[in-house]
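First the structure, in the form of structure tokens, and then the observations on it.
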Amino acid sequence: MKILVTGAAGFIGSKICQLLVERGDVVVGLDNINDYYDTRLKAGRLQELGINAGERADLPWGEMFNSETHPNLRFVRMGLEDKEALSKLFETEHFEKVVNLAAQAGVRYSITNPYAYLTSNIVGFLNILECCRQNPVKHLLYASSSSVYGLNSKAPFSEDDKVDAPVSLYAASKKSNELMAHSYSKLYGIPVTGLRYFTVYGPWGRPDMAPMLFAKAITSGESINVFNHGNMVRDFTYIDDIAAGTLLCLDQPPVAENCPNGVAARVYNIGCSNPVKLMDFISEIEDALGMKAQMVMKPMQPGDVLMTNADTTKLEKEIGYKPQVKLHEGIRKFIQWYQSDKNPLKSS
């Protein structure tokens, strides 16, 4: 199977690429390698895939690079907003499936940089849909987000809940993706699956997310900001469970006859279904490091939500998804990686 993975230098995308090539699929990874966070981390992820990207992944645009360790993997630096280049890539490669994980990430960043989200998450996703229309694929799987639940106070969050009260532009852009994908599936018969990812953590995670921020601060003797005075709950999900569940979905494209209104479009929650209090999460990191955190209690931040809690019943019944990694084990694996020489940011 020939598969395009966008966001291939990202946290989830690089793991998906690894699993696909290890099982024998032919993969083209795509990423614009923006500097939203330290590109040394993106370079390290690519290096794990055999793509020699240098210290900061400053690769030339549009050039295809072969993996030195996986003959069935290639990588190209490209932005989804580049319609012409993306169209040429689809026409040349004849992809059978697409995993679209490329997006401008970050809830808080969307407060101060709104246009970045429209360019990447709306225009870029439209270009992906158009390419899938003009070069028919067997399945388009794309990343949505738990942030679409916004002000929803019912727990756990179900795919049947209303998602019309977002609290950030990032969340609004992800809900827009779900609507856009559904319309293209209806109009052009493209099988599409959206995954509402809940809080993902683990080795090679993003440096702007709580696990990396907390681990860095604690080991450096610096204080950590604890928002809403610690009264927050997150459905932390280990990267291996997220990646395995994503592949299960990719391998089972929706069939129109089995979907509402005869449209081959599905949306699933993908999380751990075991929400954790923020203070308990911090305690696990403290235990794994053998160090105590210096906490500064802060008020709620704009764009944040009090709780994320995934109801994954639908994904378990229809796809066979079942997360395996408990928080205690996952945090220890993360800290082991964080303290290892594989972490390019360890000494930063």
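Arranged from highest to lowest average of other beta-carbon atoms within 10 Å per residue, in what order do the peptides 219-228, 308-317 appear? Mind dumping the intermediate values first?
Values: 219-228: 13.6, 308-317: 19.9.
Going by the mean number of other Cβ atoms within 10 Å, highest first, we get 308-317, 219-228.
How would segment 266-332 be classified by its alpha-carbon gyration tensor: rounded, prolate or oblate, with rounded meaning a/c under 1.5 and the a/b versus b/c comparison settling the rest? The shape class here is oblate.
Taken about its Cα centre, segment 182-341 carries a charge dipole of about 240 debye when Lys and Arg each add +1 at the Cβ and Asp and Glu each add -1 at the Cβ. In a reduced charge model with +1 at each Lys and Arg Cβ and -1 at each Asp and Glu Cβ, the chain shows a dipole moment near 300 debye about its Cα centre. Here's the list of lysines a cross-link from Lys333 could span, going by alpha-carbon distance under 23 Å and ignoring same-chain residues fewer than 8 apart: Lys15, Lys42, Lys216, Lys277, Lys292, Lys322, Lys342, Lys346.
Once the other residues with Cβ under 13 Å from the Cβ of Glu159 are scored (Lys, Arg +1; Asp, Glu -1), what is the net sum? Let's see the in-between values first.
Working: positive: Lys154, Lys162, Lys175, Arg196, Arg266, Lys314, Lys317; negative: Asp160, Asp161, Glu178, Asp311, Glu316, Glu318.
Computed value for this residue: +1.
The mean sequence separation of alpha-carbon pairs under 8 Å and at least six residues apart, normalised by the residue count of the chain, gives a relative contact order of 17 percent.
Computed from backbone phi with θ = phi - 60° and the Karplus coefficients 6.51, -1.76 and 1.60, the 3J(HN,Hα) list for segment 283-295 is 4, 5, 5, 4, 5, 5, 7, x, 9, 9, 8, 8, 9 Hz; x is used for glycine and proline. Distant-in-sequence amide contacts of Asp82, defined by a placed amide H-H separation under 5 Å and a gap of 5 or more residues or a different chain, comprise nothing.
Taking square-rooted eigenvalues a ≥ b ≥ c of the alpha carbon gyration tensor, is the chain rounded, prolate or oblate, where a/c under 1.5 means rounded and, failing that, a/b exceeding b/c means prolate? Each step should come with its number before you reach the end.
On the way: a/c = 1.65, a/b = 1.23, b/c = 1.34.
It comes out oblate by the Cα gyration axes.
For a straight C-alpha distance cut-off of 20 angstrom, the aspartates and glutamates reachable from Lys186 (same-chain residues fewer than eight places away being disregarded) are Glu96, Glu130, Glu159, Asp160, Glu178, Glu257. Scalar couplings 3J(HN,Hα) for segment 39-45, obtained by applying the Karplus form with A = 6.51, B = -1.76, C = 1.60 to θ = phi - 60°, are 6, 4, 5, 5, 4, x, 5 Hz; x denotes Gly and Pro. Taking every DSSP beta bridge that has both ends in the chain, the antiparallel portion is near 10%.
A prolate overall shape is assigned to segment 172-290, the ratio a/c of its alpha-carbon gyration tensor axes (a ≥ b ≥ c) being 1.5 or greater and a/b exceeding b/c.
Of the residues Ala165, Tyr142, Ser87, the one whose Cα sits farthest toward the positive end of the charge dipole of segment 62-215, with +1 on the Cβ of Lys and Arg and -1 on the Cβ of Asp and Glu, is Ala165.
Charge tally around Pro344: other residues with Cβ under 12 Å, Lys/Arg +1 each, Asp/Glu -1 each, net +2. For the chain, the 222 nm mean residue ellipticity estimated from helices alone, with every DSSP H stretch of n ≥ 4 adding -39500 (n - 2.57) and the total spread over all residues, rounds to -11000 deg cm²/dmol. Net charge dipole, segment 1-124: roughly 280 debye, given to the nearest 20, about the Cα centre with Cβ charges of +1 for Lys and Arg and -1 for Asp and Glu. Across segment 244-259, coupling constants 3J(HN,Hα) worked out from phi with the 6.51/-1.76/1.60 Karplus curve, θ = phi - 60°, read 4, x, 5, 5, 4, 5, 4, 7, 10, x, x, 10, 3, 5, 9, 10 Hz, and Gly and Pro carry x.
No value in this document is a laboratory result; all are computed from the given coordinates. What you are looking at is a predicted structure, and each value in this text was computed from that prediction instead of being measured. No Cβ is skipped: glycine too gets one built from the backbone with ideal geometry, and neighbour counts run over all protein chains shown.
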